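Asks: There's a structure below that I have some questions on.
The values are calculated or read from the model by the stated rules, or taken from the named source; none is laboratory data. Because the structure is a prediction, the values reported are computed rather than measured. Note that each Cβ is placed from the backbone with ideal geometry, even for glycine, and that neighbours are counted across all protein chains shown. In case anyone asks, the SASA skips ligands and DNA or RNA and just uses the protein heavy atoms, side chains included. Shrake-Rupley method; radii C 1.70, N 1.55, O 1.52, S 1.80 Å.
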Amino acid sequence: YFRIGIAICLVEMQGSTIREAKGRSFELITPLKIFSFGAESEREKREWMEALQNSIAETLYDYEVAEKIWSNKANRFCADCRALNPDWASVNLCVVICRQCAGQHRSLGSSISKVQSLKLDTSVWSNEMVQLFIVLGNEQVNRFWAGRLLPSEALYPDASTEQRRDFITRKYRYGHYRLPHPQYSSQEHLLQALCAAVSGPGLLKMMLQFFAATTEGEVGCYEAVSEAGRDRHQSGPSSLGAEDMSPEGVYNEVTQPVVRCGYLHKAPTVTRLAGAKKSREEFQRVWCSLEKCLLFYESDKSLEPMGKVEMEEVMSLGVNRIYAPASPGSSDRLPFTLDLYLSNDRVQPLGADGPDTLQSWASVISKWFTPLCCHCLLSYEFQRVGRLSYKSMLNPSRWLQGFFVLQKSHLFICPKEGEGAAEDSINLRQLQELTVVPLAEDPEKKEMLVLVEMGRTFHLQGASRLDFSAWCVAIQASAGGQGNALRDQQLSRSGIPIIVNSCIAFITQYGLRHEGIYRKNGAKSRIKALMEEFRRDARNVKLRISDNFIEDVTDVLKRFFRELEDPVFTTYLHPQWKEAAEITEKPLRLEQYKKLISLLPHVNHRTLAALIGHLYRVQKCADLNQMNTKNLALLFAPSLFQTDGKGEHEVRVMEDLIANYVHIFNIDEDQVSQMDLENSLITTWRDVQLSQAGDLILEAYLEQKNPDRCVTLKVSPVMTAEELTNQVLEMRNVAASVDLWLTFEVLENGELERPLHPKEKVLEQALQWCKLPKPGSAYLLVKKVPIKEGSCLFTGAKRESPKCGLLKCREDPPRLLGSKFQERYFVIKDRKLLLLKEKRSAKPEREWLLDLAKVYMGIRKKLKPPSQWGFTLILEKQQLYLACTGPSELWDWTTSILKAQVGPEEQQQWLPMPLRNGSLSADETPEGA
């Protein structure tokens with residue numbers, strides 16, 4: 001269910017809290033239930049707790065006010081430091097600010113700045129106040145508050161708390177940067193007037209007059225709004241006071257679609273997708289009037305319309321912009337066009353004279369046929385808007401109706417009123433899947449678009465073939481990763497560009513042993529072709545050693561960073577990186593690097609961490625590839641800083657980052673150990689493969705090692721033997737039954753096999769194969785086992801008495817038992833295997849800790865065991881070979897050792913959901929077991 005994006009349950013986060021527990025555990029306390037979770041590491045625990053805290057905070061937010069105020073583009077940036085998406089405001093100073101600046105505003109006191117949240121304090125946001133912030137905006141207000149601010153004194157998002165406090169104090173308490181106001185001579189009187197205005201009547205009128213009076217150029221803003229109110233209501237006075245227009249009316253002036261008329265170019269309606277865009281000659285210049293319906297007239301003096309479009313007919317609106325001719329013939333076509341997709345598979349093409357006219361008409365027409373919840377998005381450029389049916393993972397069996405807005409690389413979902421669904425958005429650059437598939441069991445053979453993003457699955461369906469085809473083309477284009485900025489790339493599930501992910505995975509798999517990796521150059525023609533493939537659609541590029549050269553892929557990776565619009569280290573922070581490299585004391589220098597990395601945009605941060613981690617892995621194999629830290633730094637610094645090979649400071653930064661990757665990026669010891677084991681496995685076992693996500697690709701066999709029974713699958717660090725078993729059975733279409741299946745680790749060409757505990761991590765065992773003389777002789781085998789013998793692994797029940805009995809044993813190297821098989825009495829007790837001189841002995845002759853031991857069913861034939869049933873116990877410095885009398889006894893000893901290694905407390909924690917195919921859960925025991 002997880003792979004197809006369907007949850008087994010939903011946890012309502014509203015009213016929940018997070019509580020830390022012992023070790024790597026934490027608790028989610030909801031009003032109805034308490035959930036306990038255990039993380040793999042301290043870092044993962046912190047990340048999960050932070051993510052859950054943010055999710056709980058989100059439940060308290062109301063985005064309605066924020067979205068309306070953000071509809072003014074200037075309010076998308078903090079008025080003080082220019083941080084993106086500020087969600088606080090000073091209501092008397094009329095500025096929208098970020099959370100960090102809001103804290104400094106609050107410290108000024110309410111007599112200077114009255115701070116309110118756009119998301120939490122929604123009760124204070126009257127329609128009149130919302131309208132005020134939409135009409136003014138940060139840009140307009142800052143012409144007064146920061147009219148005398150020098151660029152060198154400006155505040156930036158990465159400013160420290162002290163810098164932020166000093167700047168905001170000078171700006172608002174003392175008014176150092178503001179323009180003079182004709183009505184107030186002192187800053188104190190000016191602040192008193194603003195505080196009085198915000199709590200008195202006629203807020204909108206007074207504030208507009210206040211800011212309009214500061215400069216002659218700003219009077220036009222107030223007069224324009226007044227004129228709009230006068231024209232709409234045909235009233236005499238030109239003010240915006242409460243006596244002229246109610247607050248609701250003022251608010252509707254912005255949120256409601258307005259009547260519009262003007263000239264557009266109209267072409268005949270088409271009923272199928274044309275092979276080419278229409279030429280200018282096919283368009284006729286007509287007068288258009290939008291009221292209750294869209295009317296077309298021959299001219300502005302015509303009385304009778306020559307055609308019309310009803311609101312109910314419109315399915316979607318597509319917007320096309322061509323800012324530069326793509327080909328010699330494209331100049332014969334209108335560069336700015338609208339396509340109205342109507343019912344009955346019709347399209348009405350319209351053309352505009354310029355981009356501003358196009359955007360104006362697109363905004364007005366789209367607001368005409370869409371609900372209010374879409375309008376805050378439609379004031380900006382968008383590619384497409386319209387109706388679609390959709391299903392999501394929250395309700396996979398029900399088709400919902402909604403309006404969709406395609407804006408750059410995001411697809412926004414506005415559900416139809418009454419559907420009971422929440423608004424949502426899909427980042428098309430982070431799609432793992434984008435496919436058009438036939439709709440199952442549909443007599444009309446309609447198609448649907450499947451979008452999979454970060455584990456979420458959406459199915460989209462259009463009302464008509466023509467409309468749906470246009471949506472598919474538009475969405476595929478937006479998901480294509482156009483542009484040379486990091487933020488414009490198609491992103492992997494880990495949030496880094498797919499091109500980077502793919503190249504790193506390929507080079508890790510095939511290049512760690514390659515001498516001179518990254519130093520040798522590939523063929524320019526092949527590099528160019530591969531770059532174009534990635535630019536076109538990175539999701540569909542599959543790198544294969546049979547088709548691609550290692551040198552080509554390494555050059556593509558370096559070229560990608562070299563051609564970025566802004567380097568991964570950012571041009572803005574480049575001087576600070578150089579300053580950091582000059583710090584002589586290493587601990588201080590590394591701490592400054594960590595600080596600068598934290599200031600990078602999220603995608604830059606994640607991409608840099610992935611690349612440096614990869615280069616750290618490469619230099620760990622320097623004895624094979626001859627590429628040490630210094631060599632890699634010299635090769636990558638020019639690309640990552642875009643310095644054209646110049647700059648010793650940049651090389652030093654790269655050298656420090658690679659050499660100190662573990663410290664700078666907070667990598668824990670478990671991750672380092674896993675990386676070392678992976679390197680050993682990859683470099684010693686040529687057949688090992690890596691997926692783009694960094695997971696190892698292993699082969700597992702069903703019941704016997706036969707090419708026809710081989711299954712290839714990705715094994716992530718957290719995959720358990722139980723999950724692998726179920727996945728293999730599912731991929732091989734094994735029907736559900738009462739049989740019990742287990743995964744075995746097989747060595748020595750089948751002579752030794754070990755049943756993995758259902759909750760044992762598969763990758764941890766597979767990585768140990770690199771220590772074998774022949775890693776390729778090891779493999780995974782999924783096979784059926786007798787329920788009576790194997791089912792005890794799925795129960796937490798303790799044995800009533802310790803496992804004990806006679807076994808024939810020999811050891812290697814020989815010590816007490818010698819090199820021949822001897823019958824001795826053994827007991828499993830307290831996670832130890834005890835050797836007793838006789839059954840009643842109180843003190844054992846020898847004892848072996850089982851914690852780190854591995855038990856394999858079988859004994860090497862060359863040792864000539866006395867029985868065909870036996871097991872091998874591999875200890876840290878010794879191996880024991882123990883022969884049994886039959887298969888039941890063999891299983892009893894093997895499973896007893898496995899359970900002894902885990903212990904009763906941990907065994908209870910290893911009791912998950914019931915297994916597939918009728919496997920037993922924790923509280924089920926077969927008859928006779």
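Asks: If you go through the range 631-643, how many residues are open to solvent by 40 Å² or more (accessible area, probe 1.4 Å), polar (S, T, N, Q) and modelled with pLDDT of 90 or more?
Replies: The qualifying residues number 1.
Asks: Follow-up. Of the residues Leu388, Leu338, which single one is within 21 Å of Arg260 (Cβ to Cβ), assigned to a strand (DSSP E or B) and at pLDDT 90 or above?
Replies: Exactly one residue qualifies, and that residue is Leu338.
Asks: Could I ask something else about it? Which residues, counting only those in the range 716-730, are open to solvent by 30 Å² or more (accessible area, probe 1.4 Å) and among the β-branched types (Val, Ile, Thr)?
Replies: Hit for the range 716-730 is Val718, nothing else.
Asks: Take the range 492-514 and flag every residue that is more than 25 Å from Ala622 (Cα to Cα) and of a type outside the set (S, T, N, Q).
Replies: Arg493, Gly495, Ile496, Pro497, Ile498
Asks: Another question, then. Mind checking which residues of the range 517-548 are over 24 Å from the mean Cα position of the chain (by Cα) and farther than 20 Å from Arg562 by Cα?
Replies: Arg544, Ile545, Ser546, Asp547, Asn548
Asks: How do the pairs read when you match residues in the range 355-379 that are in contact (Cβ under 8 Å) with a residue 40 or more places away in the chain with residues anywhere that are open to solvent by 20 Å² or more (accessible area, probe 1.4 Å) and assigned to a helix (DSSP H, G or I), using Cβ under 7 Å and keeping only pairs 6 or more apart or on different chains?
Replies: Between residues of the range 355-379 that are in contact (Cβ under 8 Å) with a residue 40 or more places away in the chain and residues that are open to solvent by 20 Å² or more (accessible area, probe 1.4 Å) and assigned to a helix (DSSP H, G or I), the close pairs are Trp368/Met311; Phe369/Met311; Leu372/Thr255; His375/Thr255; His375/Lys367; Cys376/Glu67; Cys376/Lys68.
Asks: Please enumerate the residues belonging to the range 644-683 that are of a type in the set (A, V, I, L, M) and modelled with pLDDT of 90 or more.
Replies: Scanning the range 644-683 gives Val651, Val653, Met654, Leu657, Ile658, Ala659, Val662, Ile664.
Asks: Please count how many residues of the range 709-729 are modelled with pLDDT under 80 and of a type in the set (D, E, K, R).
Replies: Residues meeting the conditions: 1.
Asks: Same structure again: So, in the range 115-143, exactly how many residues are in a helix (DSSP H, G or I), loosely packed, with under 15 Cβ neighbours inside 10 Å and modelled with pLDDT under 85?
Replies: Matching residues across the range 115-143 total 2.
Asks: Hey, could you check the range 814-835 for residues that are within 14 Å of Lys803 (Cα to Cα), open to solvent by 70 Å² or more (accessible area, probe 1.4 Å) and touching a residue at least 24 places away in the same chain (Cβ under 8 Å) and say which is nearest to the chain's Cα centre (by Cα)?
Replies: Only one residue fits best here, namely Arg831.
Asks: Please name all residue pairs, on different chains or six or more residues apart, with Cβ atoms under 9 Å, provided the first residue is in the range 269-283 and is under 16 Å from Arg465 (Cα atoms) and modelled with pLDDT of 60 or more and the second residue is in a loop (DSSP other than H, G, I, E, B) and open to solvent by less than 90 Å² (accessible area, probe 1.4 Å).
Replies: So the pair list comes out as Val270/Lys278; Thr271/Asp345; Arg272/Asp345.
Asks: While we're looking at this one, here's another question. Kindly indicate the residue of the range 776-821 that is touching a helix residue (DSSP H, G or I) at 6+ places or on another chain (Cβ under 6 Å) and either farther than 29 Å from Pro866 by Cα or of a type in the set (Asp, Glu) (or both) and also modelled with the highest pLDDT among those meeting that condition.
Replies: Glu789
Asks: Given the criteria modelled with pLDDT under 85 and surrounded by fewer than 20 Cβ atoms within 10 Å (Cβ to Cβ), does Gln689 qualify?
Replies: yes
Each row is one residue, and each column tells you yes or no for (1) farther than 18 Å from Glu533 by Cα; (2) touching a Lys or Arg at 6+ places or on another chain (Cβ under 7 Å); (3) surrounded by fewer than 20 Cβ atoms within 10 Å (Cβ to Cβ).
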{"site": "Val452", "(1), (2), (3)": "yes, no, no"}
{"site": "Arg456", "(1), (2), (3)": "yes, no, yes"}
{"site": "Leu460", "(1), (2), (3)": "yes, no, no"}
{"site": "Ser464", "(1), (2), (3)": "yes, no, yes"}
{"site": "Phe468", "(1), (2), (3)": "yes, no, no"}
{"site": "Cys472", "(1), (2), (3)": "yes, no, yes"}
{"site": "Ala479", "(1), (2), (3)": "no, yes, no"}
{"site": "Asn484", "(1), (2), (3)": "no, no, yes"}
{"site": "Leu491", "(1), (2), (3)": "no, yes, no"}
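Asks: Based on this model, can you work out whether Asp555 counts as at negative phi, free of Cβ contacts under 8 Å to residues at least 12 places away in the same chain and not small (Gly, Ala, Ser)?
Replies: Judged against the criteria, Asp555 is not a match.
Asks: Oh, and also: State all residues of the range 740-775 that are farther than 22 Å from Trp869 by Cβ and either open to solvent by 40 Å² or more (accessible area, probe 1.4 Å) or aromatic (Phe, Trp, Tyr) (or both); if no residue qualifies, say none.
Replies: Listed by number, the residues that qualify are Lys759, Glu764, Gln768, Trp769, Lys771, Leu772, Pro773, Lys774.
Asks: Same structure, new question: Would you confirm, using the coordinates I've provided, whether Val347 is in a strand (DSSP E or B), modelled with pLDDT of 90 or more and of a type in the set (A, V, I, L, M, F, W, C)?
Replies: yes
Asks: If I filter the range 207-216 for residues that are open to solvent by less than 10 Å² (accessible area, probe 1.4 Å), assigned to a loop (DSSP other than H, G, I, E, B) and touching a His at 6+ places or on another chain (Cβ under 8 Å), do I get at least one hit?
Replies: No, the range 207-216 has no match at all.
Asks: Within the group Phe382, Phe403, Phe412, which residue is open to solvent by 10 Å² or more (accessible area, probe 1.4 Å) and either part of a loop (DSSP other than H, G, I, E, B) or farther than 21 Å from Lys73 by Cα (or both)?
Replies: Phe403
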